[in-house]
1. List, please: which pairs have Cβ atoms under 6 Å, are six or more places apart or on different chains, and start with a residue in region 1-13 that is modelled with pLDDT under 85 and end with one that is surrounded by 10 or more Cβ atoms within 10 Å (Cβ to Cβ) and not in a helix (DSSP H, G or I)?
2. Give the residues of region 14-35 that are in a helix (DSSP H, G or I) and open to solvent by 100 Å² or more (accessible area, probe 1.4 Å), sorted by residue number.
Amino acid sequence: MANGAWRLPENLERLAAFTRRASDRRRAFEARPKTEQPADVAKPADQQQHYTNRPDHSRGAGRDG
């Protein structure tokens, strides 16, 4: 596609229609009623499990020579 070919009127109309649909979806999503998560689902960040690098998971661990 040559430079500027996307600026043809039919492509600009497709882009405008895509943008309108995306904006409509975003507005519909934002208009939904907010629901509270149960207390056992919403964990503070300091209680979440995180992967830690352990020596037995490192490259070449447990291999001889």
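The values are calculated or read from the model by the stated rules, or taken from the named source; none is laboratory data. Just so it is clear, the model here is predicted, and its values are computed rather than measured. Reconstructed Cβ throughout: ideal geometry from the backbone, glycine too, with neighbour counts over all protein chains shown. Each accessible area value is taken on the protein alone, full model and side chains, heavy atoms only, with ligands, DNA and RNA left out. Shrake-Rupley method; radii C 1.70, N 1.55, O 1.52, S 1.80 Å.
1. If the second residue must be surrounded by 10 or more Cβ atoms within 10 Å (Cβ to Cβ) and not in a helix (DSSP H, G or I), no pairs are left.
2. The answer is ARG14, PHE18, ARG20, ARG21, ARG25, ARG26, ARG27, PHE29, GLU30.
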